[in-house]
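A short write-up of the structure that comes next.
The values are calculated or read from the model by the stated rules, or taken from the named source; none is laboratory data. None of these values were measured; they are calculated from a predicted model. Note: ideal-geometry Cβ built from the backbone for every residue, glycine included; neighbour counts use all protein chains shown.
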Amino acid sequence: MKLYGDELDIELAKRKVAKDIRKEERKTLRARAKELEMDPSEYCDWERGSDVCPHEEYEKSLVGIHRPFFLMKTCIKCGKPNIIAKLETEEDWDKHRDELDEVFKKRNTTIV
């Protein structure tokens, strides 16, 4: 079930409170997931809210310290990341030049 508008904001706020409580109790994701009989990655998605978010708005970014770099898009509401491309060679950079220009323009930098 996907939520929109205020309903989504309210649900994400509830899940943030659940995350804060888990951290205050110093429980790991794995321990909390086991209590709820969930897989740790499933619980992480629940805590983030990616199961109810429609993922309509994304922000593109470039991540990595050294090659390979990853061109990613991240949901603005819940923060769910998706890898668009793995950038290793000059051909990869040229292939995704428009998307990279968009990322660098947003950050006020350029590709050298």
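Of the candidates L36, L29, the single residue that is over 28 Å from E99 (Cα atoms), surrounded by 13 or more Cβ atoms within 10 Å (Cβ to Cβ), modelled with pLDDT under 95 and not assigned by TED's automatic domain parsing to the domain that holds N82 is L29. Considering the conditions (1) within 21 Å of the chain's Cα centre (by Cα); (2) modelled with pLDDT under 95, K86 is excluded by exactly one of them, (2). Just one of the numbered conditions (1) over 19 Å from the mean Cα position of the chain (by Cα); (2) closer than 22 Å to N108 by Cα is not true of A31: (2). Listed here are the helices (runs of 4 or more DSSP H) enclosed by the range 29-112 that have at least 1 residues being farther than 20 Å from R15 by Cβ and touching a residue at least 12 places away in the same chain (Cβ under 8 Å): 90-95, 97-106.
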